[in-house]
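Accompanying notes for the structure given below.
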Amino acid sequence: MVPVPFRIAKVIREIPGVYTWHLKSLDGKPFVYRPGQFNMVYQFGVGEIPVSISGDCREPDTLVHTIRAVGPVTNAMQQLRAGAVVGIRGPFGRPWPIDEVVGSDLIFVTSTIGLAPLRGLIHEVLHRREDFGKVVVCYGTRGIDDIMYEADLHKWRARFDMHVHLTVHSAPSGYRGRVGGVVAAIRAAQVDWPSAQAFVCRSETLTRQAVDTLAGLGVTKDRVWVTLERNMQCAIGLCGHCQIGPTFVCKDGPVYRYDQIEPLYSVREF
Amino acid sequence: MSYHPSMIGLDGLAALIEALSVDGFRVLGPTVRDDAIVYDDIAGVDDLPAGWTDEQDGGRYRLKRRDDSALFGYAVGPHAWKRFLHPPLLRLWRAEPDSAGMKLTAAPEPEERFAFLGVRSCELHAIAIQDKVFLQGPYVDPHYKARREGAFLVAVNCGTAGGTCFCASMNTGPRATAGFDLTLTEFTGEFLVEPGSDAGAALLARLPQRAATEADIERARAVSERTAASMGRHMQADGVHDLLLDNLEHKRWDDVAARCLSCGNCTQVCPTCFCTAVSDVNDLSGATERTRRWDSCFSVDFSYIHGGSVRPSPRSRYRQWMTHKLASWVDQFGTSGCVGCGRCITWCPVGIDITEEVRAIRGG
Ligand SMILES: Cc1cc2nc3c(=O)[nH]c(=O)nc-3n(C[C@H](O)[C@H](O)[C@H](O)COP(=O)(O)OP(=O)(O)OC[C@H]3O[C@@H](n4cnc5c(N)ncnc54)[C@H](O)[C@@H]3O)c2cc1C
Ligand code: SF4
Ligand code: SF4
Ligand code: FES
C-alpha cells in the first residue's frame, strides 16, 4: 500500500514538543474514518510512524494529527511548516465502539497526549449527545504548561451537558484549578458506576492503575476500553511487529475491551 | 477431469522440466551449492542433486554420497520456497520530489510465473499456512498474491526422513495429500506421478509415460510408510497450545535463553515465519525507495517502541517465537505455525530443538 500525499494546511503548537497538523489531500478527496483509527504518516526521506487521528470525523475534508516529538521521525516532522507534503496510509485499526455504549454514562480517563486518540471520540459523542447519559472527562497533566487542546477544553467546560475534571500534578501557588492525580479526578466523577462505560488512554502502567480505580468504583472490566501501542511497520497485519499473543494491534486493535486483553497485560515482556 | 497416476522415467522428468519452461515457467528446484542443497533455477535433470543425501542433527548439516543416484534422496535444506513467494528483499515503492510535493510509484508486480520442482509435504503445508497469512486476512499482500497465483507445484513424496524431521507427528507429511499440481514418488530411475489439479493432469498427458499399476501405487505407499517410520524427531503436539500458554513463566524459558544466541537463524530458515521490516533508502537523485526485508522477532529492535523494547530479554524473545509457532498461531490463523520440517533445529548454531523444549515444559 502506497502513501497518499497530503499537504499540511496548518500547524498548531499545542504545548512544547507537541504539534497538531491540519492536512488536506492533494487530490481533494475527503478522508473517511472513525474515531479511534490511526494512520501511518510518512515524511519524505525520513520515515513512517503510526499516529492516531485526532480530528472530528464529521469534517472529512480536514485530517487532523497531533504528534509529540520523541525521536528521529517525530523530531523531523516538528520542523515541517504549513505547505509541506507528507504521505498518509490509512485509516487502520478498530475504532472506539461508540454504538455499543449508547445509553450509558461515559467517562474518559487520560493524561497529556493521551487526549489525542480520544479527542475524535469526544467530538463524536457531543455530536450525538442525546444518545448518551452523563459525559465526564478526567484529564491529568504534569503541570499547567502541558495542557493540550486548550480551546476544546474551554468549550467543553462551558457546556452544561458535560463535566471536565482537569487536574495537574503540580501548579504554581495561586493556581485555582484541581491539583493532584487522575485517580482523585476519577473518584470525583459523578456517573452511574454500575452501568458507566470508561475510555482510558494512558501508558500501560497508568492504564492498569486507572482500571483498578474504576473497578473499585464498580466499573467492571468489560466496560473499560483501552488502546495499546506496539511497533508497527505495515499496519495491515502482515509484518508481525505489533503482535501480542493472539492479537495484532494494528488490525485487531488499537482499541480493546480491557477484560479481553487483561491476561496480556499481566505477563511481563509478552 | 479424472486424475490417473502414471509412471515416468528420467526422460519423462526431463520432459516435465522442458514442458514447464516451454509454458513460460521459471523452473526452480533443488541443486547442490556451497555444500548444501538449495532451491535455485533448474535447466534440466542434470542440475538436480543426483546421488546426494544429507545428514542432519541439532546444529549440524552435512552432504553425503548415497550408494545410488536418487535425485530426491535427502530431506529439506536451508532454503524454503518462501524465498520466492515472499522474497527476503522486496522493493515496495519509490517516492520522488515533484512540483506538487511528492510523487509515489508502487513497484510493479512480477510477471514471472514459478514452477517449483520437489516440494515436500511439509512445505506444501507451509505454503498453505502462508496463504492464510497473506491472502486470507482482511488485507491481502499483493506481492505474495502475484507470485503465488501463477505458481505450478510439483511435489515429491519424501523417500528419506531427515535427522531433524518430525512432520509425521505434526500431521504434515511425509506424503503429499493436497495443494500440488503433480506429485512424484521416486523409485530408482522411475517415478510414480499423481496429478492433483487439472493443470497437473494436462501437463502429465504431455509426458512420455506408461499407466501405473496397482503394484506401482502400492510401492509408493510403502515408500511413504517407511519414511514416516524413520522420522529423526517427534513432537508431542496434542494440547501444546494450552501447555505453552499456561506456562509462560516456566523456568525452562530461562534455561533456553541461556543457550539461545538470538541470532534469528530459526526464523530465517522457517518456511512459515513471515515477519518483515521496512527501510527507506535515499538516493543521490533525491528520491527515496522503500524496501521490505525479512525480519526476526529475535532482534531487540523488533518490538521497539519509544522508551524501549517490549521484549528486551532473550527469554522473552525465544518465548515469543515458540509460543507464536505452536500456540498464538492457532489463535491467529486457525492452524499451527510449525510444519515439523526441522530446519530450525538443524540450522540453530547451538542445536536448540523445539521438540525437546516442548518435552521439557511438558515434563514439569
Ligand atoms: C496506534 C498508535 C497510535 C499512535 N498515536 C500517536 C499520536 O496520536 N501522537 C503521537 O505523538 N504518537 C502516537 N503514537 C506513537 C508514535 O508512533 C511514536 O511516538 C513514534 O513512532 C516515534 O517515532 P520516532 O522515530 O520519532 O521515535 P523513536 O522512539 O526513536 O522511534 C524509532 C522507531 O520506532 C518505532 N516506534 C517508536 N515508538 C513507537 C510507538 N510508541 N508506537 C509504535 N512504533 C513506535 C517507529 O517505527 C519509529 O520510527 C502512536 C502509536 C501507535 C502504535
Ligand atoms: S518451527 Fe522449525 S520445524 Fe517448525 S516449521 Fe519452522 S523451521 Fe520447521
Ligand atoms: S516466530 Fe517470530 S519471526 Fe516468526 S512469524 Fe512469529 S513473530 Fe514473526
Ligand atoms: S503493524 Fe504489521 S502486523 Fe501489525
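The values are calculated or read from the model by the stated rules, or taken from the named source; none is laboratory data. Remember, predicted model here, so these are calculated numbers, not experimental data. Cβ coordinates were reconstructed from backbone atoms using ideal geometry, including for glycine residues, and neighbour counts include every protein chain displayed. Surface accessibility is based on the protein's heavy atoms, side chains included, excluding ligands, DNA and RNA. Shrake-Rupley method; radii C 1.70, N 1.55, O 1.52, S 1.80 Å.
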Inset, instruction - Take every Cα pair under 8 Å in the range B:23-67 that's 6+ residues apart, average their separations, divide by the length, and report that relative contact order as a whole percent. - result: 29
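Using a/c under 1.5 as the rounded threshold, could you call the range B:196-298 rounded, prolate or oblate? The axes a ≥ b ≥ c are square roots of the C-alpha gyration tensor eigenvalues, and prolate needs a/b larger than b/c, oblate otherwise. Spell out each step's value before the answer.
On the way: a/c = 3.45, a/b = 1.30, b/c = 2.65.
Because a/c hits 1.5 or more and a/b fails to exceed b/c, the range B:196-298 counts as oblate.
At a Förster distance of 30 Å, what's the computed FRET efficiency of A:Arg257 paired with A:Asp161, Cβ-Cβ distance as r, to 0.05?
0.70
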Legend entry - Quotient of Cα Rg and 2.2 N^0.38 Å for chain A, N being how many residues it contains: 0.98
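Restricting to chain A, what percent of DSSP beta bridges are antiparallel, rounded to 5? The partial results should precede the final answer.
Values: 33 of 56 bridges.
Antiparallel bridges make up about 60 percent of those DSSP assigns within chain A.
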Inset, instruction - Enumerate the amide H contacts of A:Phe132 below 5 Å, restricted to partners 5 or more residues apart or on another chain; note that Pro and chain-start residues carry no placed amide H. - result: A:Gly103
Inset, instruction - Could I have the simple spin-label model distance between B:Lys132 and B:Lys251, label points 7 Å from Cα toward Cβ, reported in nm to one decimal? - result: 3.5
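Considering only DSSP beta bridges where both residues belong to the range B:58-193, give the percentage that are antiparallel (nearest 5).
Numbers: 10 of 18 bridges.
Roughly 55 percent of the DSSP beta bridges within the range B:58-193 come out antiparallel.
Which of the three applies to the range B:8-122, rounded, prolate or oblate, going by the alpha-carbon gyration tensor with a ≥ b ≥ c and a/c under 1.5 meaning rounded? The partial results should precede the final answer.
Values: a/c = 3.95, a/b = 1.84, b/c = 2.15.
The shape class here is oblate.
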Legend entry - Separation of the A:Glu100 and B:Asp68 label points, Cα + 7 Å toward Cβ, nm: 6.0
Inset, instruction - Under 18 Å Cα to Cα from A:Lys251, which lysines show up? Leave out anything in the same chain fewer than 8 places away. - result: B:Lys132
Legend entry - the range B:138-216 - charge dipole about Cα centre, Lys and Arg +1 at Cβ, Asp and Glu -1, debye rounded to 20: 240
Inset, instruction - For the B and A pair, go ahead and give the buried accessible area with a 1.4 Å probe, both sides summed, in Å² to 100. - result: 3400
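Could you tell me which of rounded, prolate or oblate describes the range A:94-237, using a ≥ b ≥ c as the square roots of the eigenvalues of the alpha-carbon gyration tensor, with rounded for a/c under 1.5 and, failing that, prolate when a/b is larger than b/c and oblate otherwise?
Numbers: a/c = 1.36, a/b = 1.16, b/c = 1.17.
Rounded shape, in that the Cα axes give a/c under 1.5.
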Inset, instruction - May I ask for the net charge around A:His165, where only other residues with Cβ less than 11 Å from the Cβ of A:His165 are counted and Lys, Arg are +1 while Asp, Glu are -1? - result: +3
Legend entry - Calculated FRET efficiency for the pair B:Arg293/B:Asp98, C-beta based, R₀ 25 Å, to 0.05: 0.35
Legend entry - Part-to-part distance (alpha-carbon centres) for the range A:184-242 and the range A:1-80, which is given in Å: 24
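Cβ under 10 Å from A:Cys57's Cβ, A:Cys57 left aside: what net charge do those residues give with Lys, Arg +1 and Asp, Glu -1? Each step should come with its number before you reach the end.
Numbers: positive: A:Arg34, A:Arg58; negative: A:Asp56, A:Glu59, A:Glu124.
Net local charge, A:Cys57 excluded: -1.
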Legend entry - Within-11-Å neighbourhood charge of B:Thr355 [Cβ basis; K, R +1; D, E -1]: 0
Inset, instruction - May I ask which residue of B:Asn265, B:Trp93, B:Ala201 lies farthest towards the positive end of the charge dipole of chain B, with charges of +1 (Lys, Arg) and -1 (Asp, Glu) on Cβ and the Cα centre as origin? - result: B:Asn265
Legend entry - Zone of A:Arg178's modelled label, taken as backbone nitrogen in the range A:131-162 under 12 Å from a point 7 Å along Cα→Cβ: A:136-141
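Hey, what did chain B get for relative contact order, percent, Cα under 8 Å, at least 6 apart? Walk me through the numbers before you get to the answer.
On the way: 725 pairs, mean separation 80.0, N = 364.
Once normalised by length, the contact order is 22 percent.
Let me know the mean shielding of B:152-159 by other chains, meaning the per-residue number of their Cβ atoms within 10 Å of its Cβ. Walk me through the intermediate numbers first.
Numbers: counts 0, 0, 0, 0, 0, 0, 0, 0.
Shielding by partners across B:152-159 averages 0.
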Inset, instruction - Could you work out how far the C-alpha centroid of the range B:328-358 sits from that of the range B:1-75, in angstrom? - result: 25
Inset, instruction - Using only atoms on other chains, find how many Cβ atoms lie within 10 Å of each Cβ of peptide A:38-47 and report the average. - result: 4
Inset, instruction - Count the DSSP beta bridges whose two residues both fall in the protein assembly as shown, then state the antiparallel fraction as a percent rounded to the nearest 5. - result: 70
Inset, instruction - Report ³J(HN,Hα) in whole Hz for each residue of the range B:254-269, in order, from the Karplus equation J = 6.51 cos²θ - 1.76 cosθ + 1.60 where θ = phi - 60°; Gly and Pro get x. - result: 5, 4, 5, 4, 5, 9, 5, 8, 6, 7, x, 3, 4, 6, 6, 8
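Would you mind getting the Kirkwood hydrodynamic radius of chain B from its Cα pairs, rounded to one decimal in Å? Mind showing how you got there, number by number?
Numbers: mean 1/r = 0.0457 Å⁻¹.
Here the Kirkwood hydrodynamic radius works out to 21.9 Å.
Could you look at chain A and say what percent of its accessible area is carbon and sulfur, using a 1.4 Å probe and all protein chains? Provide the component values of the computation, followed by the final result.
Working: 5510 of 10810 Å².
Exposed carbon and sulfur together represent 51 percent of the surface.
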Inset, instruction - With a 1.4 Å probe and every protein chain left in place, work out the accessible area per residue of the range B:78-187 in Å², rounded to a whole number. - result: 36
Inset, instruction - Extending each Cα 7 Å along its Cβ direction at B:Tyr3 and B:Cys263, get the distance between those two points in nm, one decimal. - result: 3.9
Legend entry - Rounded to the nearest 20 debye, dipole of the range A:98-227 from Cβ charges on Lys, Arg, Asp, Glu: 400
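Could you work out the relative contact order of the range B:50-148? I mean the mean sequence separation of Cα pairs under 8 Å and 6+ apart, divided by the number of residues, in percent.
On the way: 89 pairs, mean separation 21.0, N = 99.
After rounding, I find 21 percent.
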Inset, instruction - Return the sequence-ordered ³J(HN,Hα) values of the range B:349-362 in whole Hz as given by the Karplus equation 6.51 cos²θ - 1.76 cosθ + 1.60 applied to θ = phi - 60°, using x for Gly and Pro. - result: x, 10, x, 5, 10, 4, 5, 5, 5, 5, 4, 5, 5, 5
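Can you give the average number of partner chain beta-carbon atoms within 10 Å of each beta-carbon in peptide A:240-250, as a whole number? The partial results should precede the final answer.
On the way: counts 13, 12, 3, 9, 4, 9, 9, 3, 3, 0, 1.
Going residue by residue through A:240-250 and averaging, the value is 6.
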Inset, instruction - For A:Lys24, list the aspartates and glutamates whose Cα falls under 20 Å from its own Cα; do not include residues on the same chain fewer than 8 positions away. - result: A:Glu14, A:Glu48, A:Asp56, A:Glu59, A:Asp61, B:Glu96, B:Asp98
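Which value at 222 nm does chain A reach when only helices count, each DSSP H run of 4 or more adding -39,500 (n - 2.57), with the total divided by all residues and rounded to the nearest 500 deg cm²/dmol? Kindly include the intermediate steps, with their values, before the conclusion.
On the way: 7 runs with 63 residues, N = 270.
Mean residue ellipticity at 222 nm (helix-derived): -6500 deg cm²/dmol.
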